[in-house]
Amino acid sequence: MKRAILPLFISLVGTAFAAPSAAQFGEMTTLDSFGGPSSGTYKPTPAEAERIAWFREARFGMFMHWGLYSKMAGYWKGKKVTGGEWALKLQRLPIEEYRELAKEFNPVKFNADEWVLLAKSAGMKYMVITSKHHDGFAMFDSDASPYNIVDATPFKRDPIKELKEACDRHGLKLGLYYSHGQDWNEPDAYGNNWSFPGYKRNMDKYLDEKSIPQIRELCLKYKPAILWFDTAGDITPARAEQIARMARELVPGILINSRIQLGKPRGLPITDFDGSGDNEAFHQYHNVPWELCGTLNRSWAFKEWDKDFRPVSELLFHLIDAASKNGNYLLNVGPTAEGVITEPYASRLREMGSWLKVNGEAIYGCGGTVWGNEFGDFGTVDGKRKFIAAPANWRCTTQPGKVYIHVLNWPKDGKLELPALKQKVTKAHLLATPTAVVKIGQSADKVVLSLPANAPDPIASVVCLSL
Ligand code: JFZ
């Protein structure tokens, strides 16, 4: 099972796969294997509910992949290579040569406040950055291994510390990505099957001497709001539990994602939130708090030649779609080795922020849909049980006494038909143009809205229904 998952990772990471648009939604199958809606009851204790509250309120965060691989920028010795943060493994590069990148890693243009303020202008409420990816290089000041940004680069600064301070200054939460099982720099860890031929790995040694000490350092030094684990190859359930317990002891209120362990999410008290596939949301409402992580272009790490940036419409769709299913959207940015977030990323983020300025009340702190059938339903296709997506051109989020309809494709005749609501709709207005007239027709089997002729927003206009 563990080994079977690896080829999947490799096929996904080279070119982060295309995200669905609302129209393509119909072709997807369910993600039950990631703990979909069938993941059972979610019964947090009051303390567990309290610590996840900010995360559910936040709905939108910035993911950052930044490391020595950013220096490659999609090239090796002048030749274009795939993989980004996976290039070392996909190209089976000599580990000694890869390590040399540290000597030239000097992100002199890095400014933590600028990054945090960009995230803030996008309407993001938290940030998750790679403190160590699978390449094994620590982007923080580590006592557990000298292979880190302070000891091994001319930069000598600790960007994680600077980001933590900037996040505190500007009111964002800082989460830390840490590759706890996979580390291609270490012969004992999981993942490097080309540099150390014949070597008999000792995963326990790696965990006890590098991974767990570094996780402890991260907790003690930066008090992260989230520890975001990934690709848990060779992490046993007992080790996952040990790591989670240690982190919770050191940082009360810390959140831990479900990728700390392979397979079905452990859930509470080990993991606080689930994740869907990369760039692919759960296909239905998911009762456990969850997060969709996705790329802005086709890569996690910066690649100079990846100019295939997703349109803002697609990014906003992911945010709205995730929120309507009770989830967050963690949108990735790949800064350059100089420490710059380039304009194609930044301009899209700012546009999302503009949309959220107008429509944020239908995202932040909102619950998911009141219905669920707008996503489709299970049916039988060729004798197989399959999820059949609905072609709904809208998504729904909720607040107590309020139902928000995010209209994705504005109806030409101005009529928007919604499933029935038990409670009476007393008022309907557009968030972008509150004075425009929206007429309500409500019967036992449906609600019909008569909208103005033109959409106030070309991407998604939100109608607020008061109950
Ligand atoms: C992992 C990493 O290997 C990758 O480099 C990147 O950091 C990404 C965010 O996470 O890749 C994965 C992990 C899980 C899935 C897909 C890619 N998944 O569950 O679909």
| said: One residue is enough: does the range 194-202 have a residue meeting the conditions at pLDDT 95 or above and either under 23 Å from GLU48 (Cα atoms) or in contact with a Phe, Trp or Tyr (Cβ under 7 Å, 6 or more places away or on another chain) (or both)? | reply: no
| query | Residues in the range 287-301: is at least one open to solvent by 10 Å² or more (accessible area, probe 1.4 Å), more than 16 Å from the ligand (Cβ to nearest atom), part of a loop (DSSP other than H, G, I, E, B) and not aromatic (Phe, Trp, Tyr)? | reply | yes
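Considering each of HIS180, HIS170 in turn, give the residue that is touching a Ser or Thr at 6+ places or on another chain (Cβ under 8 Å) and over 16 Å from TYR69 (Cα atoms). It would help to see each step written out before you state the result.
Details: HIS170 fails: touching a Ser or Thr at 6+ places or on another chain (Cβ under 8 Å).
Step by step, each of HIS180, HIS170 is checked, and only HIS180 is touching a Ser or Thr at 6+ places or on another chain (Cβ under 8 Å) and over 16 Å from TYR69 (Cα atoms).
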| field | Selection from the range 448-467 of residues that are in contact with a strand residue (DSSP E or B) (Cβ under 8 Å, 6 or more places away or on another chain), at pLDDT 95 or above and hydrophobic (A, V, I, L, M, F, W, C) | value | VAL448, LEU449, LEU451, ALA455, ALA460, VAL462, VAL463, CYS464, LEU465
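So that you can scan it fast, the table gives a plain yes or no per residue for (1) acidic (Asp, Glu); (2) within 16 Å of the ligand (Cβ to nearest atom); (3) in contact (Cβ under 8 Å) with a residue 60 or more places away in the chain; (4) touching a helix residue (DSSP H, G or I) at 6+ places or on another chain (Cβ under 9 Å):
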{"residue": "ALA112", "(1), (2), (3), (4)": "no, no, no, yes"}
{"residue": "LEU117", "(1), (2), (3), (4)": "no, no, no, yes"}
{"residue": "ALA122", "(1), (2), (3), (4)": "no, no, yes, yes"}
{"residue": "ARG157", "(1), (2), (3), (4)": "no, no, no, yes"}
{"residue": "CYS167", "(1), (2), (3), (4)": "no, no, no, yes"}
{"residue": "HIS170", "(1), (2), (3), (4)": "no, no, no, yes"}
{"residue": "GLY175", "(1), (2), (3), (4)": "no, yes, yes, no"}
{"residue": "ALA189", "(1), (2), (3), (4)": "no, yes, no, yes"}
{"residue": "TRP194", "(1), (2), (3), (4)": "no, no, yes, yes"}
| request: Tell me which residues, restricted to the range 90-123, are of a type in the set (Val, Ile, Thr) and open to solvent by 60 Å² or more (accessible area, probe 1.4 Å). | output: VAL108
| said: Going through VAL403, VAL370, VAL381 one at a time, which residue ends up being modelled with pLDDT of 95 or more and either loosely packed, with under 14 Cβ neighbours inside 10 Å or within 16 Å of LYS446 (Cα to Cα) (or both)? | reply: VAL403
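If you scan the range 240-259, which residues turn out to be more than 16 Å from the ligand (Cβ to nearest atom) and open to solvent by 30 Å² or more (accessible area, probe 1.4 Å)?
GLU241, GLN242, ARG245, ARG248, GLU249, LEU250, PRO252, GLY253
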| query | Just one of the numbered conditions (1) in a helix (DSSP H, G or I); (2) among the β-branched types (Val, Ile, Thr); (3) under 20 Å from the mean Cα position of the chain (by Cα) is not true of VAL358; which one? | reply | (3)
| query | Does any residue of the range 124-138 turn out to be open to solvent by 50 Å² or more (accessible area, probe 1.4 Å) and either under 20 Å from the mean Cα position of the chain (by Cα) or more than 16 Å from the ligand (Cβ to nearest atom) (or both)? | reply | yes
| note | Only one of LYS205, LYS210 is touching a residue at least 12 places away in the same chain (Cβ under 8 Å), open to solvent by 40 Å² or more (accessible area, probe 1.4 Å) and away from the ligand (no atom under 16 Å from the Cβ), namely LYS205
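Checking the condition outside any helix (DSSP H, G or I), within 21 Å of the chain's Cα centre (by Cα), at pLDDT 95 or above and not assigned by TED's automatic domain parsing to the domain that holds ALA119, which residue from THR336, THR397 passes?
Details: THR336 fails: not assigned by TED's automatic domain parsing to the domain that holds ALA119.
That would be THR397, the only listed residue that is outside any helix (DSSP H, G or I), within 21 Å of the chain's Cα centre (by Cα), at pLDDT 95 or above and not assigned by TED's automatic domain parsing to the domain that holds ALA119.
Condition check ((1) within 23 Å of ASP113 (Cβ to Cβ); (2) of a type in the set (Phe, Trp, Tyr); (3) outside the structural domain of LEU330 (by TED's automatic domain parsing); (4) in contact with a strand residue (DSSP E or B) (Cβ under 6 Å, 6 or more places away or on another chain)) across all residues:
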{"residue": "LYS132", "(1), (2), (3), (4)": "no, no, no, yes"}
{"residue": "ASP143", "(1), (2), (3), (4)": "no, no, no, no"}
{"residue": "ILE149", "(1), (2), (3), (4)": "yes, no, no, no"}
{"residue": "ILE160", "(1), (2), (3), (4)": "yes, no, no, yes"}
{"residue": "LEU176", "(1), (2), (3), (4)": "yes, no, no, yes"}
{"residue": "ASP188", "(1), (2), (3), (4)": "no, no, no, no"}
{"residue": "TYR206", "(1), (2), (3), (4)": "no, yes, no, no"}
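Give me the residue from the range 260-286 that is among the small types (Gly, Ala, Ser) and within 17 Å of the chain's Cα centre (by Cα) and, out of that set, surrounded by the fewest Cβ atoms within 10 Å (Cβ to Cβ).
Here the answer is GLY277.
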| Filter pass, ILE149 being of a type in the set (Val, Ile, Thr), more than 16 Å from the ligand (Cβ to nearest atom) and closer than 21 Å to LEU207 by Cα | yes
| field | Members of the range 411-420 found to be touching a strand residue (DSSP E or B) at 6+ places or on another chain (Cβ under 7 Å) and either modelled with pLDDT of 95 or more or assigned to a loop (DSSP other than H, G, I, E, B) (or both), listed by number | value | GLY414, LYS415, LEU416, GLU417, LEU418, ALA420
| query | Are any of the residues in the range 421-441 touching a Phe, Trp or Tyr at 6+ places or on another chain (Cβ under 7 Å), open to solvent by less than 40 Å² (accessible area, probe 1.4 Å) and in a strand (DSSP E or B)? | reply | no
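The values are calculated or read from the model by the stated rules, or taken from the named source; none is laboratory data. Please read all numbers here as calculations on a predicted model, not as lab measurements. Note: ideal-geometry Cβ built from the backbone for every residue, glycine included; neighbour counts use all protein chains shown. These accessible areas exclude ligands, DNA and RNA; they are computed on the full protein's heavy atoms, side chains included. Shrake-Rupley method; radii C 1.70, N 1.55, O 1.52, S 1.80 Å.
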